[in-house]
Amino acid sequence: MKILLTSTFIVICILFASCAVSKNYSPYKKYAPEVLQKDFTFLRQALEANHPSLYWYTPKDSMDGYFERYYRSIKDSMTEQQFVWRIMAPMVALVRCGHTSLGYSKGYVKWTTGRKFSSFPFYLKVWRDSMAITGSLFKKDSLLKTGTLITSINGLSNRQIIGTMFNYLPMDGYAANVNYQRLSSNFPRYLGNIYGLSRTYKVGYVDSLGQTQVATIPLFEIKRDTAMRDSMLPKIKQKRATPLPPSERRLRYRSFSIDSTQKLATLTLNSFTKGNLRRFFRKNFATLNKQNIPNLALDLRINGGGRVNLSTLLTKYISRSPFKVADTLYSKTKFTGKYTKHLQAGFFNNIAMFFMTKRKADGNFHMGYLERKLYKPKKKNHYDGNVYVLINGATFSASSVFCNAVKGQPGITLVGEETGGGWYGNNGILIPDLTLPRTKVRVRLPLFRLVQYNHVQQKGTGVPPDVYVGTSYESLLLNKDKKMEAVRAMIENK
C-alpha cells in the first residue's frame, strides 16, 4: 500500500509539473548567448559520442569547422524558434542523416497546438526547379489559382529558394527527393521559418498566355488582438470528434483492393509501424493467391518507414530469393553514459544495446544476429505474380531497406522516383529524442548504422526506380496518378 501511495503521489506531481510547464511557457522568452552555446556544445558532444555516422558524408575536419563556425555565430539572445532555425537546423543538416532531425520543445509544441499564424498564403507542389500552387489560404483569390506555375518569390528564383531551403533540411547523403516532399507538404511553414514573414510578397508566375508576370500578394494575416503580443488567434476549444472505428483508423496506414478486371490488386502501405500489419499481410496475400491475381501494385509513396521486422516480413512474402536485413549493423557505443537521462527511453535503449550487440575488431558494437541471419521467402502465401513497387522521395528508412532487398529480382519492378532513404545505407533501429537540458529543444539521435544487404558503392543516393516516372505538371492539373497509370500501361503491354 505504501508503494502504491508513493507511486500515485509521484504521478500526480509529474502531472501538475507538466501542467505548470505548459501554462508558464512563453515563446517570446529569449535565452542568453551563453545558455544557447552550452546547449549547442551539449549537442555536439552527444553526437560525437553516440552518432554512428557523424562523418559518413562530411569529413571530421570539415564537421569540426562547421561546429566551431555555428558556435561562434551565437552572439545574441534568441527565442527557441530562432535558435532552432538560425543555428540548429543548418548545422544538423550538415550531418546528412535523414534520421537526425530537429523538434521543438514539448512546451512550444503544446503552445502552438490549436493556434493559427500569419503566413505566406499559398501551398505549393515543389519538384526539380518548379513550383505550382496547390492551395490558397485566401478563399476568394481570383488571380493566382490552383495550378498556377510560380517562377519567383520576392525576387528570388525557384532554384535559389529551393537550394537555400534544402540547406536547412535533413537528408540521407544526397538523396534530396525527401525534401521536395517536405516542402510540398507545408511550403508556407518552411518559407516563414527560413526567410521570415513579409508584409507583402512579389510573386512571379506564368499567366494563361504563357507570359511571366509579377503580382503583389499580401501576407495571409491573422488579425491581431490589441491585448496580444503576436499575430495569432487565441486557442479555440473544439468539440471532441467522435472516434473512428478501429477498421477505419487502420485505413490511414494500409489498404487493399482488387480492380474489376481481376488483373491488378493494389496494396497501399503508409507505415511499417501501425495497422496490425501481420494479420493484414497474412489475410491479403492469401487472397491474392486464392483469386490468382497476376499483378500487384505495392504503393510505398508515403511510407516513411517504421519497424524493420515488419518490412522484413513483407519482403518474405515477395522476395524470390533469400536475403539479409543488412551487411553490417552496429552502434558506436554500448552505453549512452551521461546522455542517458536526456534520451527518450534512455535506460531501455542501453539495456537493448547491452544484450543485442557485441564488440568486434573494428571497435564498434555489432548486432550480429541481423548481420548473419539469412531470411528465406515464405512458402505459404508467397506471392509469385508481377509486383510493381511505387516509390518516391517519401519512401524512406525501412521502406528503402525493402526496396533495396527486392530490386533487380525477376518479376519485381520499382516504378516512380528515387527514394528518400539511402541506397547504400542509413542510420536508425533505435532513434530516441535527445532533449537539450536548457532550451528543451529535441534532436532525434539514431544509435545504429545500417549498411544495406548487397549494398552498392557509397554515393549518397536513394534507391533508384527501374522505370522512372517523375512529377508531371499536366497530371497535377488533371489530378491524375501518373505512376499508377504507368503501371496499368505496363500490364496492358505485357
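With the dipole of the chain worked out from charges on the C-beta (+1 for Lys and Arg, -1 for Asp and Glu) around the Cα centre, which of L434, V415, V206 lies farthest toward the positive end? My answer, from the dipole projection, is L434. Charge tally around S472: other residues with Cβ under 9 Å, Lys/Arg +1 each, Asp/Glu -1 each, net +1.
Within the chain, the whole DSSP H helices whose Cα atoms reach 27 Å or more along their own axis and whose mean Kyte-Doolittle score is at least -1.0 are 2-24.
The range 122-218 has equivalent-ellipsoid semi-axes of 23, 14, 13 Å, by the square roots of 5 times the alpha carbon gyration tensor eigenvalues, sorted largest first. Volume of the convex hull of the range 425-475 (Cα atoms only), normalised per residue: 170 Å³. With both residues required to sit in the chain, DSSP beta bridges show an antiparallel share near 75%. Roughly how far apart, in whole Å, are the Cα centres of the range 348-367 and the range 473-494? Cα centroid of the range 348-367 versus Cα centroid of the range 473-494: 46 Å apart. When you count the other C-beta atoms within 10 angstrom of each residue and take the mean per peptide, 201-212, 381-392 line up highest first as 381-392, 201-212.
Laboratory data are not the source of any read-out in this text; all were calculated from the coordinates shown. All figures in this text were calculated on a predicted structure; none of them were measured in a lab. Virtual Cβ from ideal backbone geometry, glycine too; neighbours counted across all protein chains shown.
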